[in-house]
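One structure is given below, encoded as structure tokens.
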Amino acid sequence: MSGSIRDTLEEKLKRFNQLEREMSDPEVLGNGARMSAAAREHGGLAKIANKYRDFKRLTDEIRGCKEMIEDAEDVDEREMAETEIESLREQREELWNELLSLTVGGEDSHRTRCVMEIRAGTGGEEAALFARDLYEMYRRYAEQRRWKTEIMDASASEKGGFKEITLTLEGEGVYRDLQYESGGHRVQRVPETETQGRVHTSAATVAVMPEPEDVEVDLKPDDYRIDKFCASGPGGQHVNKTESAIRLTHHDTGIVVQCQDEKSQHKNLAKALRVLKARIYEKKREEEAAKQAATRKGLIGSGDRSQRIRTYNFPQNRLTDHRINLTLYKLDQIVAGDLEPVTDALIEYDRDQLRGDMIE
């Protein structure tokens, strides 16, 4: 295996073993929040950690068979070891392909929760409507995958679109699959308001961030400023007269998060803190990735918002992902939530980048 993949898998297994010890520690057992966070992270790591354990065991057994072949004193003994080593290699290759799929996405591929931000870009009201369409596409895809979704904050436009919307998603494989959505999305279509049938181009940006466990981002009340204000938008008199909306400003990074989706100030604060932790964690990830940029292979999951990753051409019913030169003529099905063909192609591309690096 290449150093980067081996290091990632070793780190995951090390963390998995550490969590197993923590979950039997009386101090952790007596702390509901810590126990819940440890159990959730342990569950997210279980599949890849156990498969990597098996991979290491098979590798050791193959090494042992090689030694038997070298030390064999008769033909029968050598042939038996050669037959055994062939079977072990087949098992390991199958496991290798499974590990490749699970390794795609790097060290955060096991995350079962993520934060998604969708923002309207150039194109005015049409861009806001496109942002809404992207949200609906991801919501339907999440329903198919049986992931949970929750809106954290939303800013609506006059005609029912979204200037921006922040949501969380939770479920197995959620970050591994959705990380590829980060970047610039461009739409080409005839807007509802267009009277002469002209095709317009507008854009939206998507950012997908893994949501860390509470214990991973040490955030104290002194680390941020809280501003309370009256929520705007639909919601009636209660929304406009009560200071239920929350804005958090993180002192060290300058990151600003706001939430006004709930009528309860406490609920808005809890949601805003989740998003703030995700953004702080993402900033640390980006800084680390910048240091390692020269050796990174899976760049299609880099999450750079400034990069135009995809075009949605409605007149031709065409979706094009520019990173891997993928073109599909079933845009209507994709925006209806059938995102799997796109996600599968992106994962397979990343798998191919890693494929030659797994076997020693």
Just how much of residue 42 is accessible, in Å², when a 1.4 Å probe is used and the result is rounded to the nearest 10?
-> 40
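Taking R0 as 30 Å, what's the FRET efficiency between residue 333 and residue 151 from their Cβ-Cβ distance, rounded to 0.05? Walk me through the numbers on the way to the answer.
On the way: r = 25 Å, r/R0 = 0.82.
Result of the calculation: an efficiency of 0.75.
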Check residue 307: other-chain or 5+ apart residues with amide H under 5 Å from its amide H, H built from backbone geometry?
-> 184
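Taking loop as defined by DSSP and a crowding limit of 14 other beta carbons within 10 Å, which trypsin sites (Lys or Arg not before Pro) in segment 148-237 fit?
Here the trypsin sites (Lys or Arg not before Pro) that fit, given the DSSP loop and packing criteria, are 159, 198.
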Based on the alpha carbon coordinates of segment 112-234, what radius of gyration and maximum Cα-Cα distance (Dmax) apply, in Å?
-> 16.6, 56
For the chain, what is the accessible area per residue in Å², given a 1.4 Å probe and the full set of protein chains?
-> 51
Percent antiparallel among DSSP beta bridges with both residues in the chain, to the nearest 5?
-> 90
Long-range amide H partners of residue 245, meaning residues 5 or more apart or on another chain whose placed amide H is closer than 5 Å, are 229, 231
Relative to the Cα centre, what is the charge dipole magnitude of the chain, using +1 at the beta carbon of each Lys and Arg, -1 at the beta carbon of each Asp and Glu, and rounding to the nearest 20 debye?
-> 2320
Estimated [θ] at 222 nm from DSSP helical runs (n ≥ 4, -39500 (n - 2.57)) normalised by residues in the chain, nearest 500 = -16000 deg cm²/dmol
Grab the alpha carbons of the chain, take their convex hull, and tell me the volume per residue in Å³.
-> 165
Along segment 17-27, what does the Karplus equation 6.51 cos²θ - 1.76 cosθ + 1.60 (θ = phi - 60°) give for ³J(HN,Hα), rounded to whole Hz, x for Gly and Pro?
-> 5, 5, 5, 4, 5, 4, 6, 10, 7, x, 5
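The values are calculated or read from the model by the stated rules, or taken from the named source; none is laboratory data. Bear in mind the structure is a predicted one, so any value in this text is a computation, not a measurement. Virtual Cβ from ideal backbone geometry, glycine too; neighbours counted across all protein chains shown. Just so you know, the surface numbers come from the protein's heavy atoms only, side chains and all, with ligands and any DNA or RNA stripped out. Shrake-Rupley method; radii C 1.70, N 1.55, O 1.52, S 1.80 Å.
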